[in-house]
Amino acid sequence: DVDMPGLSAQQVYDKAYVALDSIAAEPDQIKSGIALVNKKDHSIAAQYSEWMTFKKNFVNLDRSKFNYTIIANCTDGHLALTLSRMTYIYDEGRPTALKTTAEKWIADKVAINKKGTKLLPGSAKFRRATINRKDAIFAKIQRLVK
(Lines give C-alpha, C1' and ligand atoms only; values in the text may rest on other atoms or scores of the structure.)
Protein backbone atom coordinates (compact mmCIF):
# COMPACT_ATOMS: atom_id res chain seq x y z
CA ASP A 1 0.00 0.00 0.00
CA VAL A 2 1.26 3.44 -0.96
CA ASP A 3 -0.44 6.61 0.21
CA MET A 4 -0.39 9.34 -2.43
CA PRO A 5 -2.21 12.27 -0.85
CA GLY A 6 -3.68 14.89 -3.12
CA LEU A 7 -3.75 12.70 -6.25
CA SER A 8 -6.89 11.57 -8.01
CA ALA A 9 -7.46 7.90 -8.78
CA GLN A 10 -6.63 8.64 -12.44
CA GLN A 11 -3.32 10.29 -11.50
CA VAL A 12 -2.42 7.33 -9.25
CA TYR A 13 -3.39 4.95 -12.09
CA ASP A 14 -1.18 6.83 -14.60
CA LYS A 15 1.84 6.69 -12.28
CA ALA A 16 1.24 3.01 -11.46
CA TYR A 17 0.97 2.15 -15.15
CA VAL A 18 4.35 3.75 -15.90
CA ALA A 19 5.95 2.00 -12.90
CA LEU A 20 4.60 -1.44 -13.82
CA ASP A 21 5.58 -0.97 -17.45
CA SER A 22 9.13 -0.03 -16.42
CA ILE A 23 9.58 -3.38 -14.66
CA ALA A 24 8.87 -5.13 -17.98
CA ALA A 25 11.82 -3.26 -19.52
CA GLU A 26 14.37 -4.54 -16.99
CA PRO A 27 17.24 -6.68 -18.38
CA ASP A 28 16.25 -10.04 -16.83
CA GLN A 29 12.69 -9.95 -18.16
CA ILE A 30 11.75 -12.73 -20.60
CA LYS A 31 8.17 -11.99 -21.56
CA SER A 32 6.52 -9.38 -19.41
CA GLY A 33 4.13 -6.49 -19.50
CA ILE A 34 0.75 -4.99 -18.79
CA ALA A 35 -1.82 -7.72 -19.41
CA LEU A 36 -5.12 -6.08 -18.57
CA VAL A 37 -6.35 -2.62 -17.67
CA ASN A 38 -9.65 -1.29 -16.43
CA LYS A 39 -9.50 2.48 -16.69
CA LYS A 40 -13.01 2.86 -15.30
CA ASP A 41 -12.11 1.02 -12.07
CA HIS A 42 -8.51 2.29 -12.16
CA SER A 43 -6.97 -1.17 -11.97
CA ILE A 44 -4.02 -2.75 -13.78
CA ALA A 45 -2.89 -6.37 -14.05
CA ALA A 46 0.66 -7.04 -15.20
CA GLN A 47 2.27 -10.42 -15.80
CA TYR A 48 5.99 -10.96 -15.59
CA SER A 49 8.34 -13.75 -16.54
CA GLU A 50 11.96 -13.13 -15.65
CA TRP A 51 15.24 -14.82 -14.83
CA MET A 52 15.90 -15.17 -11.13
CA THR A 53 19.65 -15.64 -10.89
CA PHE A 54 21.06 -17.38 -7.83
CA LYS A 55 24.70 -17.67 -8.89
CA LYS A 56 26.54 -16.45 -11.96
CA ASN A 57 30.20 -16.69 -12.83
CA PHE A 58 32.26 -17.73 -15.87
CA VAL A 59 31.71 -21.46 -15.15
CA ASN A 60 28.27 -21.59 -13.56
CA LEU A 61 24.88 -20.05 -14.22
CA ASP A 62 22.28 -21.08 -11.65
CA ARG A 63 18.92 -19.49 -12.39
CA SER A 64 15.21 -20.13 -12.57
CA LYS A 65 12.34 -18.67 -14.55
CA PHE A 66 10.23 -16.73 -12.10
CA ASN A 67 6.67 -15.87 -13.10
CA TYR A 68 4.30 -13.62 -11.17
CA THR A 69 1.40 -11.21 -11.46
CA ILE A 70 1.05 -7.75 -9.98
CA ILE A 71 -2.38 -6.21 -9.54
CA ALA A 72 -2.62 -2.46 -8.93
CA ASN A 73 -5.84 -0.98 -7.57
CA CYS A 74 -5.85 2.81 -7.64
CA THR A 75 -8.12 5.09 -5.67
CA ASP A 76 -7.98 8.76 -4.74
CA GLY A 77 -4.72 9.21 -2.84
CA HIS A 78 -3.89 5.51 -2.60
CA LEU A 79 -2.24 2.65 -4.52
CA ALA A 80 -2.79 -0.96 -3.41
CA LEU A 81 -0.47 -3.54 -4.97
CA THR A 82 -0.70 -7.33 -4.82
CA LEU A 83 2.01 -9.71 -5.99
CA SER A 84 0.59 -13.19 -6.58
CA ARG A 85 0.59 -16.32 -8.75
CA MET A 86 4.30 -16.88 -8.23
CA THR A 87 5.75 -19.90 -10.02
CA TYR A 88 9.21 -21.24 -10.71
CA ILE A 89 10.62 -23.28 -13.59
CA TYR A 90 14.08 -24.53 -12.66
CA ASP A 91 16.46 -26.66 -14.77
CA GLU A 92 13.95 -26.69 -17.62
CA GLY A 93 14.62 -29.47 -20.12
CA ARG A 94 16.76 -31.50 -17.71
CA PRO A 95 15.91 -34.62 -15.70
CA THR A 96 16.20 -32.52 -12.53
CA ALA A 97 13.60 -30.00 -13.77
CA LEU A 98 11.34 -28.43 -11.17
CA LYS A 99 8.05 -26.69 -11.89
CA THR A 100 6.32 -25.46 -8.78
CA THR A 101 4.45 -22.65 -7.10
CA ALA A 102 5.61 -20.42 -4.27
CA GLU A 103 2.91 -21.90 -2.02
CA LYS A 104 4.34 -25.40 -2.51
CA TRP A 105 8.02 -24.45 -2.40
CA ILE A 106 8.81 -21.41 -0.22
CA ALA A 107 5.90 -21.04 2.22
CA ASP A 108 6.75 -21.29 5.94
CA LYS A 109 5.20 -24.75 6.35
CA VAL A 110 7.38 -26.30 3.63
CA ALA A 111 10.56 -24.19 3.65
CA ILE A 112 11.40 -23.91 7.35
CA ASN A 113 12.50 -26.74 9.64
CA LYS A 114 10.15 -28.04 12.36
CA LYS A 115 11.87 -26.00 15.05
CA GLY A 116 11.36 -22.88 12.94
CA THR A 117 15.03 -21.97 13.20
CA LYS A 118 16.37 -22.30 9.66
CA LEU A 119 15.47 -22.67 6.01
CA LEU A 120 15.54 -26.09 4.42
CA PRO A 121 18.11 -26.84 1.71
CA GLY A 122 16.80 -26.64 -1.83
CA SER A 123 14.02 -24.13 -1.36
CA ALA A 124 16.12 -21.72 0.74
CA LYS A 125 17.73 -19.99 -2.24
CA PHE A 126 14.31 -19.60 -3.87
CA ARG A 127 12.79 -18.11 -0.73
CA ARG A 128 15.65 -15.65 -0.19
CA ALA A 129 15.69 -14.59 -3.85
CA THR A 130 11.89 -14.23 -3.97
CA ILE A 131 11.75 -12.05 -0.87
CA ASN A 132 14.64 -9.92 -2.13
CA ARG A 133 12.97 -9.54 -5.53
CA LYS A 134 9.61 -8.65 -3.96
CA ASP A 135 11.31 -5.98 -1.85
CA ALA A 136 13.12 -4.58 -4.91
CA ILE A 137 9.92 -4.51 -6.99
CA PHE A 138 7.87 -2.71 -4.35
CA ALA A 139 10.73 -0.27 -3.58
CA LYS A 140 11.04 0.58 -7.28
CA ILE A 141 7.30 1.08 -7.70
CA GLN A 142 7.11 3.23 -4.59
CA ARG A 143 10.06 5.33 -5.81
CA LEU A 144 8.51 5.79 -9.26
CA VAL A 145 5.03 6.75 -8.08
CA LYS A 146 6.10 9.26 -5.41
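The values are calculated or read from the model by the stated rules, or taken from the named source; none is laboratory data. Quick caveat, the model's predicted, so the values are computed rather than measured. Note that we place each Cβ from the backbone using ideal geometry, even for glycine, and neighbour counts take in every protein chain shown. Note: areas computed on protein heavy atoms with side chains; ligands, DNA, RNA excluded. Shrake-Rupley method; radii C 1.70, N 1.55, O 1.52, S 1.80 Å.
I need the full set of residues from the range 18-28 which are without any contact (Cβ under 8 Å) to a residue 40 or more places away in the chain and either among the charged types (D, E, K, R) or surrounded by 12 or more Cβ atoms within 10 Å (Cβ to Cβ) (or both), in order please.
Initially, the range 18-28 is screened for residues without any contact (Cβ under 8 Å) to a residue 40 or more places away in the chain, giving 21, 24-28.
Hits for the range 18-28 are 21, 24, 26, 28.
In the range 103-142, what residues are among the aliphatic types (A, V, I, L, M) and touching a residue at least 40 places away in the same chain (Cβ under 8 Å)? Steps first, please.
So in the range 103-142, the residues among the aliphatic types (A, V, I, L, M) come out as 106-107, 110-112, 119-120, 124, 129, 131, 136-137, 139, 141.
Of everything in the range 103-142, those that are among the aliphatic types (A, V, I, L, M) and touching a residue at least 40 places away in the same chain (Cβ under 8 Å) turn out to be 129, 137, 141.
Select from the range 29-79 the residues that are among the hydrophobic types (A, V, I, L, M, F, W, C) and under 20 Å from residue 124 (Cα atoms) and write down the one among them that is most open to solvent (accessible area, probe 1.4 Å).
Narrowing the range 29-79 to residues among the hydrophobic types (A, V, I, L, M, F, W, C): 30, 34-37, 44-46, 51-52, 54, 58-59, 61, 66, 70-72, 74, 79.
Cutting the leftovers down to under 20 Å from residue 124 (Cα atoms) gives us 51-52, 54, 61, 66.
Numbers: 51: 72, 52: 11, 54: 51, 61: 90, 66: 3 Å².
Looking at residues that are among the hydrophobic types (A, V, I, L, M, F, W, C) and under 20 Å from residue 124 (Cα atoms), I get 61.
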Residue that is most open to solvent (accessible area, probe 1.4 Å), among those in the range 107-129 that are assigned to a loop (DSSP other than H, G, I, E, B) and of a type in the set (D, E, K, R): 114
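Do you know which of the residues in the range 86-102 that are under 16 Å from the mean Cα position of the chain (by Cα) and touching a residue at least 24 places away in the same chain (Cβ under 8 Å) is farthest from residue 138 (Cα to Cα)? It would help to see each step written out before you state the result.
As a first pass, look at the range 86-102 and keep what is under 16 Å from the mean Cα position of the chain (by Cα): 86-89, 100-102.
Next cut, touching a residue at least 24 places away in the same chain (Cβ under 8 Å) only: 86, 88-89, 102.
Values: 86: 15, 88: 20, 89: 23, 102: 18 Å.
Out of the qualifying residues, it is 89.
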All positions within the range 1-17 that are open to solvent by 20 Å² or more (accessible area, probe 1.4 Å) and assigned to a helix (DSSP H, G or I): 10, 11, 14, 15, 17
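For the structure I just gave you, tell me whether residue 80 is within 23 Å of residue 143 (Cβ to Cβ) and free of Cβ contacts under 8 Å to residues at least 12 places away in the same chain.
It is false that residue 80 is within 23 Å of residue 143 (Cβ to Cβ) and free of Cβ contacts under 8 Å to residues at least 12 places away in the same chain.
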